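Values in this text are rule-based calculations from the coordinates and carry no lab data. Being a predicted model, the structure only gives us computed values, none of them experimental. Glycine gets a Cβ as well: all are built from the backbone with ideal geometry, and neighbour counts include every protein chain shown.
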Amino acid sequence: MTEDKQNKSWAKDIMAGFIVSLIALPLALGLAIASGVPPMAGIIASVVGGVVVALIGGSHVTITGPGNGLVVVILTTIVALGGDNLFLGYTYALAAIVVSGFVLLILGFLRLGNLADFFPSSTIQGMLSAIGLIIIAKQIHVMLGESGVEAANNLFLLAEIPNSLIRLAKSDSIPYVGIIGIVSLLIMFFYNKIPYKAFHSVPAPMWIVLMAIGFYYYFELFSDLPFPIELESLIQVPENISDSIVFPDFEKWNTSAFAIAVISISLIATIESLLSIKAVDKLDPEKRRSNVNRDLKALGLATIFSGFIGGLPVVTVIARSSVNVNNGANSRKANFSHAAFVALFVVLFSQFLNRIPLSALAGILVYTGYKLASPAQFKKMYKAGKDQFFIFIITLISTLLFGLINGILIGMVTTFLIQLFLMENRMEFFKHPFRSNTLLYEESDGKMYLSVKGHSSFLNFLRLKQQLDSVPNGKEIILDYSLSQFVDSSVMEHLHHYEEDFKKKGGNMEVIGLDIHQSESSHPFAARRMMKLTSIIKKTGFLTDRQHKLKDFAKEISWNFKSNSVFETPVLETFPFFKTKTIDHAYNVFNGIHNGLKFELFDVDFYEGELIARENHKLTMLIIQTGKTIPQFRLDKERIFDRIAGLAGFQDINIEGYEDFSHRFLLRGNDEEAIRSFFTDRLILFFESHPYYHVESNGEYLLIVKGQRLASISEVKALAVFGKDLVAELAV
Amino acid sequence: MNELLEKVALKKELVEIIWEEGNPVEVLYTVSKREKIDMLILGAMQNEAMLRYYIGSVARKISRKPPCTLLLVTHPSKNETGLSSVVVNGINHSKTGNTIETALSFANQFDVSDIVIVEEVPKKQVKTKIDDDKSLIKAAQEKERVRSQEEYRIKNIIEKIENKGRAHIQTKCVFGKLGYSIGHFAEVKKTDLLIMNSPDKKLGFFDRFFPHDLEYILSDMPCDLMIVENND
């Protein structure tokens with residue numbers, strides 16, 4: 001990098017950090033208040049988090065600070081440990097935060113940065129939506145100016161919302177606090193809809209802060225009336241910043257409530273951070289891969305420091321990070337500068353901060369809760385299939401009623417039971433979750449080949465992930481599911497993200513062998529299980545990604561494409577290839593006419609042997625009508641096809657003058673003379689100059705097969721082109 | 001018994017039938033030791049039911065500590081058509097050389113056209129842990145280095161063998177769990193016969209719960225299995 005460019009990126013990072021700090025400041029205050037701790041606790045987490053993670057973290061454009069997922073955990077912890085004495089509860093909670101920091105540090109050292117991928121995605125979505133609802137339930141009353149609303153559980157608290165609204169409407173004096181809260185919420189909602197560019201130069205939360213402070217100074221400077229909001233409804237930041245430093249109290253360390261608190265904080269902090277890091281990596285314009293384990297260690301250390309001086313746990317946060325990226329951040333310096341600006345604001349403007357009503361911040365928080373539990377989120381889950389929606393709702397409700405840990409546990413058990421219910425061979429399922437089921441190797445043409453056997457679900461996804469992560473950037477990878485009976489929707493979703501990632505880094509990933517797996521919905525992430533033969537005939541099913549692409553390709557070359565099974569393949573059985581094999585069914589069939597000759601390209605399932613000795617094969621093939629009688633022959637290089645027993649007596653026919661051709665290809669057939677005259681100079685040159693295929697003729701049709709597995713899209717295309725070229729060659 | 005022999009048209013003079021009473025595993029074991037048998041051929045199920053697997057059938061019991069070279073036949077009907085492709089283990093172990101030699105001479109006699117020697121490399125052998133782009137590149141380089149070392153080692157073994165036969169020999173380096181990967185590979189490649197080293201020590205009950213090496217293959221046999229035991 002040149003010096004000029006370096007300076008520019010410095011400037012960009014500082015600018016991005018500045019804009020993020022405008023959002024981070026009000027959020028830090030709000031999240032702290034919502035968590036039931038002094039507002040400065042959020043500021044401490046922001047500043048410590050930004051500095052520590054920027055210095056030693058392993059990600060690039062993330063922003064760290066207090067996170068919304070932890071609001072609920074901290075609030076519960078304070079009540080559970082401190083009882084009625086909130087300040088005492090706060091010091092106990094700080095101890096739990098410090099210990100959870102150590103837990104994160106250990107997770108980082110144990111290289112468990114892939115932990116977040118273990119939880120089924122519907123469960124995580126359910127938990128996040130529940131957190132969103134809890135934040136709304138607690139904060140909406142504060143927003144409306146009704147402090148002290150309490151209910152037995154979070155569901156009842158939500159049910160109290162109309163009451164708070166009625167009280168607001170019936171109040172005798174002008175309810176300034178409630179109005180400010182509602183206006184803040186409206187600003188959050190409609191910020192993006194306001195078309196003025198100048199308005200967008202300041203982020204929405206900052207507008208709210210400015211509005212609230214402006215409201216105060218209107219009364220102070222222009223109005224004769226006293227300021228209408230009581231002190232209790234305003235933020236209280238100590239004048240002397242050192243007063244806000246509080247030390248943890250480890251007295252309760254041996255209680256079970258403390259242990260639960262540590263586990264909850266660590267779990268949520270880890271999940272929230274890891275999910276955010278993964279999401280931010282997708283936004284990174286330079287497509288870098290974050291070192292999640294290193295980031296975990298940094299977050300753990302930051303949380304320890306933060307907890308020791310009275311701050312909230314430090315996590316990676318997605319919303320602030322995406323603002324960071326959108327404003328041109330390029331390195332961890334942006335995170336550092338965000339922390340520096342937050343610190344600067346607090347030092348310089350602490351007296352202004354004391355003028356902000358709590359309801360204004362509550363408005364911001366209700367909006368963040370709404371983002372987590374928005375109707376769009378519910379709709380998305382509903383579209384993912386009935387089973388996934390059910391898991392989502394179960395997790396959501398049990399999290400609301402029984403807390404986070406129980407919620408996520410219930411969600412996971414539900415997922416597991418539903419998968420068991422969907423499966424056909426249940427014993428097989430118990431055999432596989434805890435043992436290897438993946439094989440990765442490099443094929444001779446340099447492509448990576450990854451085969452997955454048995455059941456592929458959230459339980460054993462981490463192993464598959466490890467294999468996928470070890471594929472070098474820019475490689476082409478083929479993921480073969482033809483030996484697998486069941487793929488769950490978490491895995492499908494992860495694979496979808498991997499496909500994007502590989503593409504972004506100049507490689508390619510293709511999933512094959514899923515086309516005859518059935519799914520419950522058309523959603524691309526729907527779980528897929530192997531169909532019974534009977535259901536294949538009846539049902540066309542929902543197309544897989546591969547089938548969609550095949551369909552597009554068929555359209556491109558104006559052939560017909562049918563995804564469902566076709567049994568009438570009488571031509572196939574006449575080929576020597578199928579002499580010892582029984583054809584199960586052909587599917588994904590392309591029909592087309594090229595140069596007046598029929599083409600048929602398809603995937604075919606066939607088997608050799610019977611019962612226990614039965615061996616299933618899946619291949620992609622092309623059949624071409626030749627339009628004239630040609631000698632029967634077989635031409636191949638792939639020695640694996642030698643096993644065809646019916647041709648045991650066939651000899652390799654060498655054609656003189658073509659040593660290279662004779663050396664590289666095995667040409668066999670009964671009628672040697674006819675074959676010799678059929679293989680003209682042109683034809684030999686054609687085969688020599690094209691990639692290897694297994695080609696055989698039954699006299700009227702040609703059968704062309706590539707490799708020993710189903711073809712990827714690019715291979716299907718190459719096969720079709722090869723067929724067309726061959727026909728053109730034969731026509732001469 | 002004689003009828004059976006006639007059916008498969010074996011010459012009677014070549015066959016010696018021994019009847020002995022006792023526990024089948026023990027009898028097979030002692031007889032093969034006593035008669036200095038070269039190869040013991042057993043029929044076996046491809047998969048065994050859960051309980052059976054943990055208790056063990058005759059075939060599995062013997063294969064956990066074979067007295068001599070052992071051929072487990074799971075796909076009897078297939079062998080009528082002859083063997084065409086064979087996968088041999090090529091792990092870095094003192095027994096491997098002998099196994100490959102046996103495999104090659106066996107392949108030659110049965111007119112096998114294709115032999116793939118699979119070098120399984122445990123993941124631990126690649127020291128670099130993949131965390132980010134930099135370590136990914138480093139790990140890929142390390143794997144490449146290990147791969148060429150492995151290929152060189154196998155090449156040396158093959159060169160020392162005098163009678164290589166006519167089969168086409170390929171090598172494949174696979175990074176993964178020992179024993180598991182080669183079984184999965186044989187399944188993917190629809191191999192006819194898998195040839196493995198004999199286990200170093202008797203595989204016990206616990207190995208079935210925490211499978212490793214050969215135990216992976218025994219729990220789910222992808223094809224016929226030959227376990228080469230060197231008795232010299």
Mind ordering A:32-39, A:671-678 by average Cβ neighbours within 10 Å, highest first? A:32-39, A:671-678
Using θ = phi - 60° and the Karplus curve 6.51 cos²θ - 1.76 cosθ + 1.60, what whole-Hz ³J(HN,Hα) does each residue of segment A:725-731 get, with Gly and Pro shown as x? 4, 5, 4, 4, 5, 5, 6
Need the C-alpha centroid separation for segment B:90-163 versus segment A:129-147, integer Å. 62 Å
Pull out a ≥ b ≥ c, the square roots of the eigenvalues of the alpha-carbon gyration tensor of segment A:113-231, then state rounded if a/c is under 1.5, prolate if not and a/b is larger than b/c, and oblate in the remaining case. oblate
Centroid-to-centroid separation of segment A:344-400 and segment A:34-100 [C-alpha atoms, Å]: 17 Å
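Taking 1 over the mean of 1/r across every pair of different Cα atoms in segment A:153-299, what Kirkwood radius in Å do you get?
Across segment A:153-299, the inverse of the average 1/r is 21.0 Å.
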Taking Cα pairs closer than 8 Å and at least 6 residues apart, the relative contact order of chain A in percent is 16 percent
Once phi for every residue in segment A:102-111 is put through the Karplus expression 6.51 cos²θ - 1.76 cosθ + 1.60 (θ = phi - 60°), the whole-Hz ³J(HN,Hα) values, with Gly and Pro written as x, are 5, 4, 4, 4, 5, 4, x, 5, 7, 6
Put a dot 7 Å past each Cα toward the Cβ at B:Met39 and A:Leu417; how far apart are the dots in nm? 5.4 nm
Roughly how crowded by other chains is peptide B:124-131, in terms of the mean Cβ count from those chains within 10 Å of each of its Cβ atoms? 3
Need one value for A:281-291: mean number of C-beta atoms belonging to other chains within 10 Å of its residues' C-beta atoms. 2
Once you average over the residues of B:175-183, how many Cβ atoms of partner chains fall within 10 Å of each Cβ? 4
Measuring from its Cα centre, segment B:74-170 shows a charge dipole (+1 at each Lys and Arg Cβ, -1 at each Asp and Glu Cβ) which, in debye to the nearest 20, is 360 debye
Extent of chain A along each principal axis, from alpha carbon coordinates, in Å, largest to smallest? 112, 60, 47
Amide H neighbours of B:Val88 under 5 Å, counting only residues 5+ apart in sequence or on other chains, H built in-plane at 1.01 Å? B:Val116, B:Ile117, B:Val118, B:Ile195
Where a Cα-Cα gap under 17 Å defines reach, which lysines qualify for A:Lys628, not counting those fewer than 8 residues away within the same chain? A:Lys598, A:Lys724
Evaluate the relative contact order of segment A:11-373 (contact order divided by residue number), counting alpha-carbon pairs under 8 angstrom at least 6 apart; express in whole percent. 45 percent
Final fewest-first order of A:Val366, A:Val471, B:Val73 on the 10 Å Cβ neighbour count is B:Val73, A:Val471, A:Val366
Computed [θ] at 222 nm, deg cm²/dmol, chain A (DSSP H ≥ 4; -39,500 (n - 2.57); rounded to nearest 500): -17000 deg cm²/dmol
Share of Cα-Cα pairs in segment A:370-510 lying beyond 18 Å, as whole percent: 63 percent
Percent of Cα-Cα distances greater than 36 Å, calculated over segment A:11-373: 17 percent
Using only alpha carbon pairs under 8 Å that are at least six residues apart, calculate the relative contact order of segment A:316-462 and give it in whole percent. 9 percent
Sorted by chain and number, the residues with a modelled amide H under 5 Å from that of A:Asp249, at a separation of 5 or more or across chains, are A:Tyr92, A:Leu94, A:Ala95
Scan around B:Cys173 for amide H atoms under 5 Å from its own, H built in the peptide plane at 1.01 Å from N, and keep only partners 5 or more places away or cross-chain. B:Glu119
Looking at this model, which pairs from A:Lys549/B:Lys177; A:Lys453/A:Lys503; A:Lys503/A:Lys706; A:Lys197/A:Lys380; A:Lys503/A:Lys551; A:Lys453/B:Lys172 are more than 28 angstrom apart at the alpha-carbon? A:Lys549/B:Lys177; A:Lys197/A:Lys380
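Counting Lys and Arg as +1 and Asp and Glu as -1, each charge on the Cβ, what is the dipole of the protein assembly as shown about the Cα centre in debye, to the nearest 20?
Details: 99 positive and 103 negative charges, 237 e Å.
Around 1140 debye, computed over the protein assembly as shown.
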